[in-house]
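To start, the structure itself, in structure tokens.
The values are calculated or read from the model by the stated rules, or taken from the named source; none is laboratory data. Here the structure is a predicted model, which is why all the values come from computation and not from measurement. Counting neighbours? That spans all protein chains shown, and the Cβs are built from the backbone with ideal geometry, glycine included. Remember, those area values only see protein heavy atoms, side chains included, never the ligands or the DNA or RNA. Shrake-Rupley method; radii C 1.70, N 1.55, O 1.52, S 1.80 Å.
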Amino acid sequence: MRERVGVIGLGIMGKPMARNLLKAGVPVTVWNRTRAKAEELGKEGAAVAATPKALAERSDIVITMVTNSPDVEHVLFGADGALHGARTDQLFIDMSTISPVVTRSIAERCAAHGVHTLDAPVSGGEIGAIEARLSIMVGGDAAEVERGMPLFQAMGKTIVHVGPHGAGQVVKLANQIAVAINNLGVSEALVFAAAHSIDLERTRQVIAAGAGSSWAMQNYAPKILAGDFGPGFMVDLQQKDLRLVLEAGFERHLGLPGTALAHELYNTLQRDGGGREGNLALIKAIEQLAGVDARQKS
Ligand code: NAP
């Protein structure tokens, strides 16, 4: 029999992910703090629960896709949290990006109630979520990874079991280091070309086909040139992730100069009210330093 799935958190990522589960024929119950987003999926065939607890009571597997560590703890352990509606052998999968330390403590707390957990954060952005092409990095026990696999396959393309509880979040944070620094590379490259009055679309095309290419060059650069800074992945969330990286790095006294630089530059965007723009807006900080605008002139 198909396992029934509850999805908590229907933001930019959670909504299309839940939609892909529905499309795959999975029986889905949803809960969202702002109820209107849940009702939208209700019209598409999901059941809408009144609380995370009620959602857990009618699910075999519970997926969380909320913002940060305290938010996951709140929807699991707070008043009317999912753990209050849980049964032995239920599986909780957290797909949000949160602290690896908090992830391990959530695993212990759930295990004390006989509830299994996986951390399964994702990469690939809103477009990856919509097209079910996410990369999913999974931490936890192999038997639970196997149990979650049909769901991961309905939402993603590359699913890798990277280690025990917390390892998924460590790999996701490593991914965020690469995302931020690649983004910085794209920003500097485009501003440099703009400062020399070179056509930016041609610049982008040729770099994207060569050794300077990256996911950011292929996906973000066209949007930057078009002046489309909507999220996608918000600056505020990118900063949340870079803070998680720097905190985890600090615990081990790691030098992470690239991450720290990107974090400082993003601070200036947040100061200027850009926290809800897409993370590709990093170029605005470089433009300000260079005194050059890198939009494609039509
Ligand atoms: P989002 O659009 O801001 O959605 C956040 C969701 O979490 C909303 O459903 C929000 O409810 C809910 N939420 C937040 N705090 C809550 C709380 N205390 N109690 C209950 N619900 C709460 O963010 P998103 O882009 O979907 O990101 C979700 C997670 O995926 C984050 O951890 C993010 O870092 C990660 N992620 C995002 C991307 C991306 O490209 N966007 C890519 C990979 C990973 P409301 O609707 O009521 O606000």
Leu265 farther than 21 Å from Glu126 by Cα and in contact with a His (Cβ under 9 Å, 6 or more places away or on another chain):
no
Taking the options Ala112, Ala36, Ala79, name whichever one is without any contact (Cβ under 8 Å) to a residue 12 or more places away in the chain and within 11 Å of the ligand (Cβ to nearest atom).
Ala36
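Can you pull out every residue in segment 164-208 that is outside any helix (DSSP H, G or I) and either at pLDDT below 95 or loosely packed, with under 15 Cβ neighbours inside 10 Å (or both)? Reasoning before the result, please.
As a first pass, look at segment 164-208 and keep what is outside any helix (DSSP H, G or I): 164-166, 196-199.
Passing the criteria: Pro164, His196, Ser197, Ile198, Asp199.
Here is a yes/no grid of residues against (1) in contact (Cβ under 8 Å) with a residue 24 or more places away in the chain; (2) touching a Gly at 6+ places or on another chain (Cβ under 6 Å):
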residue: Glu146; (1), (2): no, no
residue: His161; (1), (2): no, no
residue: Ala167; (1), (2): yes, yes
residue: Leu184; (1), (2): yes, no
residue: Glu188; (1), (2): yes, no
Among (1) small (Gly, Ala, Ser); (2) under 20 Å from the mean Cα position of the chain (by Cα); (3) away from the ligand (no atom under 15 Å from the Cβ), where does Ser99 come up short?
(3)
Just to be sure, is Arg19 in the same structural domain as Glu131 (by TED's automatic domain parsing), within 30 Å of Gln239 (Cβ to Cβ) and open to solvent by 70 Å² or more (accessible area, probe 1.4 Å)?
no
